[in-house]
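Written out below as structure tokens is the structure these notes cover.
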Amino acid sequence: MDGVVVKFSKFVTSDRRTIRVSNTRDSEISIHFLNDDCLIHVFQFLPIADRIRVERVCRRWQRVSKESWFDRKSLNAYTDKWGLSSSSNELLLRSPHALYEILKRCGSYLKKLEFVGYIDELIDIGARIGSLCPNLQYLELAGVTRIVLKNIAENCTDIRSFSLRDTFDSCDDELSLLFARNKRLETVEFICDARTNDGKFWLRIPTESIQTLYILNSSLSTSYFNEAVRKMKNLSKLTFDFCEEFDDESMEAICSVASLTEIQTGVYLGHIKSLRPIVNLKNLKVVEFSLSDYVDDEFLIQLCRNCSQLTDVDISGCKVTDAGVASVTLLPKIERLTLNFLRITAKAFNVMPKLKAIECFKCKRISTRCFSHMIETSEDLELLNVCYCKVYNSTVKRAIIATKKRANNMTLRMYARGTRIKLEKLTDASPFLKVIFAYRLHNAKDYM
């Protein structure tokens, strides 16, 4: 196959099967001379839509194309990912029936599927997902009915990651069956409202295997959740926000899980009055409390005193001062720090030799000298966000000198939009320093 270029005509139909093939020697051959294995290899490079189209060329291509789908391990059910042009008038490929045709061909090979229902035609096809894709391990569903969930529960028994956005029915029984039959389930996500009667399905979740829970915008009842989460001895990551029914009892249940290493909360935490129980999770490494009214200096100081393993902390927009942030910068293993929108000064900072990324978007009270010292004392620093801070060329000059001395040859990316930095006035540069005048507002752990 080396040097062979296959050129398809713009429209391939059963009446027009002329294929132009040329190689680097300008000699003409027919693609029909290729054996089935080579043809399969060619077809596997085609977009999903073209794999369907080539079946029209001849009976052999139809057979070979159908045999080529074994390489397809994941599928996104959004048709715009299939290689369709906006001007295409091929109704078969632009209709929900196309998903069914594709699942017939590759469903048994799929390990991951993202499926969004919402419209009636897709929901009908969704009711066959489990039958067509029995080997799924990673499943994301949205806008589905209990019929869809029942079919999946009855046919799929090796799901490792399950995500559900919105359901149109009460689905306690179907979720209970799904969780009971998938003993190796590791990740569960409920996003937006998953309507259930009473949340009894939590009692069927395989508590020994669950490692990650993500619950967002949910009105799920917590009585059974509280009971189940206490048994999740291997739970390591928990994210929850806008959970209407969560209360202090839920918080106590969550914080009874000593295995938790990462916890993320949001702005609205239902009936929870305090995050104080979190300070007892001594194995925590990552905490994200962005814009939380529950985080103040007292909480932060106690958290850092009890949780010395912390490496990632996000307290953007929280009600904290220099005293609270200082307790974070004293952590011996801190690597990534997100402090966006805080009214803090240089007094909040201590030497952080293991620091890799820090976000200080619109921290206007931190001096340019403080940032300079941070760069000079953190040799592993790869990202520094000083957008809309009072930073001057003096910091860049010191950064040039400091990065040139780095023994690890690690490049520092400094995001500096909205600062007083004027690169055209600098006469020196460093191969290990990039000053980027782009807008950046992220969590520090997203720096790669």
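Most simply put, the chain has about 10% antiparallel DSSP beta bridges, counting only bridges with both residues inside it. Kirkwood-type hydrodynamic radius, the range 159-255: 13.2 Å, calculated from all non-identical alpha-carbon pairs.
Considering the chain as a Gaussian network with a 10 Å cut-off on Cα pairs, which listed residue, A438, A49, A402, attains the greatest mean-square fluctuation? Among A438, A49, A402, the largest mean-square fluctuation in the Gaussian network model of the chain belongs to A438. Summing charges over all other residues whose Cβ lies under 11 Å from the Cβ of D297, with Lys and Arg as +1 and Asp and Glu as -1, gives -2.
Bridging of K273 to aspartates and glutamates at a Cα separation below 17 Å is possible for D241, E244, E245, D247, D248, E249, E252, D293, D296, D297, E298, once same-chain residues fewer than 8 apart are set aside. Annotation: peptides 271-280, 153-162, 422-431, ranked by per-residue average of other Cβ atoms within 10 Å with the highest first, follow the order 153-162, 271-280, 422-431. For L412, the residues whose modelled amide H falls within less than 5 Å of its own, excluding neighbours fewer than 5 places apart on the same chain, are L433, K434. So for the chain, taking the charge dipole from beta-carbon charges (+1 Lys/Arg, -1 Asp/Glu), which of I205, L381, L34 sits furthest toward the positive end? Positive-end residue among those listed: L381. Adding -39500 (n - 2.57) for every DSSP H run of four residues or longer, then dividing by how many residues the chain holds, sets the calculated 222 nm ellipticity at -7500 deg cm²/dmol. Here the Gaussian network model covers the chain, with springs between Cα atoms less than 10 Å apart; of K362, K405, K237, K405 fluctuates the most. Dividing the alpha-carbon radius of gyration of the chain by the rule-of-thumb value 2.2 N^0.38 Å gives 1.23. About its Cα centre, the range 310-447 has a charge dipole of approximately 480 debye under the convention of +1 per Lys or Arg Cβ and -1 per Asp or Glu Cβ, with nothing else charged. Of the cross-linked pairs K237/K405; K285/K319; K111/K434, those separated by over 31 Å at the C-alpha level are K237/K405; K111/K434.
Considering only C318, N340, T395, the residue lying farthest towards the positive end of the dipole of the range 310-447 is T395, judged by Cα position with unit charges set on Cβ. Overall, the chain carries a charge dipole of about 1980 debye about its Cα centre when +1 sits on the Cβ of Lys and Arg and -1 on the Cβ of Asp and Glu, all other atoms neutral. Using the Kyte-Doolittle scale, find the helices of the chain whose mean hydropathy is at least -1.0 and whose Cα atoms extend 15 Å or more along the helix's long axis, counting only whole DSSP H runs. What comes out of the filter, once short or polar helices are dropped, is 393-404.
A short reminder: the numbers here are calculations on the coordinates, not readings from a lab. Small disclaimer: the values here were computed from a predicted structure and weren't measured. All Cβ positions, glycine included, derive from the backbone under ideal geometry; neighbour counts span all protein chains shown.
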